[in-house]
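Structure below; questions to follow.
The values are calculated or read from the model by the stated rules, or taken from the named source; none is laboratory data. Computed from a predicted structure; not experimentally measured. No Cβ is skipped: glycine too gets one built from the backbone with ideal geometry, and neighbour counts run over all protein chains shown. Side chains included, ligands, DNA and RNA excluded: accessible areas come from the protein's heavy atoms. Shrake-Rupley method; radii C 1.70, N 1.55, O 1.52, S 1.80 Å.
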Amino acid sequence: MTNRQRAALATKNKLLEAAKKLIEEKGLAGTSVDEITEACGVAKGTFYTYFKRKEDIVFALSAGMFGEILENAKRAPGGAAEKLANYMVHFSDCIEKSGVKLAQEWVKNVVDPVLCENGGDQKLQNDLRDMADLLTFLAENGQMRRDADLPALAKVLVDLAYGQMLCWCMSGGKYSLRERTAAFCRDQLAQLIQNYNVV
């Protein structure tokens, strides 16, 4: 990587960090591009070097935050239920640490048809892809049946995660999303996936 590429990456990361902090405090609607660039000490045009529109920064934040969770789940000890629980609990923990306002932006982008038409459901598509990737990994390693309908299971598990995220957003973050997800995984996940397990 050249010095110029390193500098560009550092600037993009500064924009992401500033945006994350502002969105957590004020929500996306209450945050302007001017505020993001001012917090970074860069010109407004710099923002548009990296992002086409303000909403794109929400997708970039989710990609950076959730990519590592998948890899860690693959390396986690245990069988399919333990690896899936690892993924789901850390997914929820990441959402909780990001704050209600940012989670509300992710939910809004998934449920608003206009935003979905403009790529607003990118986080959902990324999460479905990551879950399918994890399930495929489990099947390839003999921890789930290869002949099972893994794409359908991926949708069910992501729907569950998004349903929990939505309820947590609606509560204003009044309880721990991580703990609620951990309880679900402990009490229900093994039974939910039993037909997909290798016998």
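Look through the stretch 24-74, keep the residues that are among the charged types (D, E, K, R) and touching a Lys or Arg at 6+ places or on another chain (Cβ under 9 Å), and return whichever of them is modelled with the highest pLDDT.
Of everything passing the filter in the stretch 24-74, Lys74 is modelled with the highest pLDDT.
May I pose another question? Is it true that some residue in the stretch 119-137 is farther than 18 Å from Phe91 by Cβ and either modelled with pLDDT of 95 or more or among the hydrophobic types (A, V, I, L, M, F, W, C) (or both)?
No - not one qualifying residue is present in the stretch 119-137.
Just to confirm my filter: which helices (runs of 4 or more DSSP H) fall fully inside the stretch 1-81 and include at least 3 residues that are open to solvent by less than 20 Å² (accessible area, probe 1.4 Å) and within 30 Å of Tyr196 (Cβ to Cβ)?
Helices (runs of 4 or more DSSP H) meeting the threshold: 56-75.
If you don't mind, there's one more thing I want to ask. Looking at the stretch 147-199 only, could you name the residues that are touching a residue at least 40 places away in the same chain (Cβ under 8 Å), of a type in the set (S, T, N, Q) and not in a helix (DSSP H, G or I)?
If the condition is that a residue be touching a residue at least 40 places away in the same chain (Cβ under 8 Å), of a type in the set (S, T, N, Q) and not in a helix (DSSP H, G or I), then Ser176, Asn197 are the ones that fit.
Here is a further query. Do we have Gln194 as open to solvent by 50 Å² or more (accessible area, probe 1.4 Å), over 18 Å from Trp106 (Cα atoms) and either modelled with pLDDT under 95 or small (Gly, Ala, Ser) (or both) here?
Yes: the conditions hold for Gln194.
Also, I was wondering about something else. Looking at the stretch 9-31 only, could you name the residues that are over 24 Å from Gly173 (Cβ atoms) and touching a residue at least 12 places away in the same chain (Cβ under 8 Å)?
Hits for the stretch 9-31 are Thr11, Lys12, Lys14, Leu15.
Would you check if there is a residue in the stretch 19-38 being at positive phi, under 22 Å from the mean Cα position of the chain (by Cα) and not basic (Lys, Arg)?
Looking for residues that are at positive phi, under 22 Å from the mean Cα position of the chain (by Cα) and not basic (Lys, Arg), one finds at least one in the stretch 19-38, hence yes.
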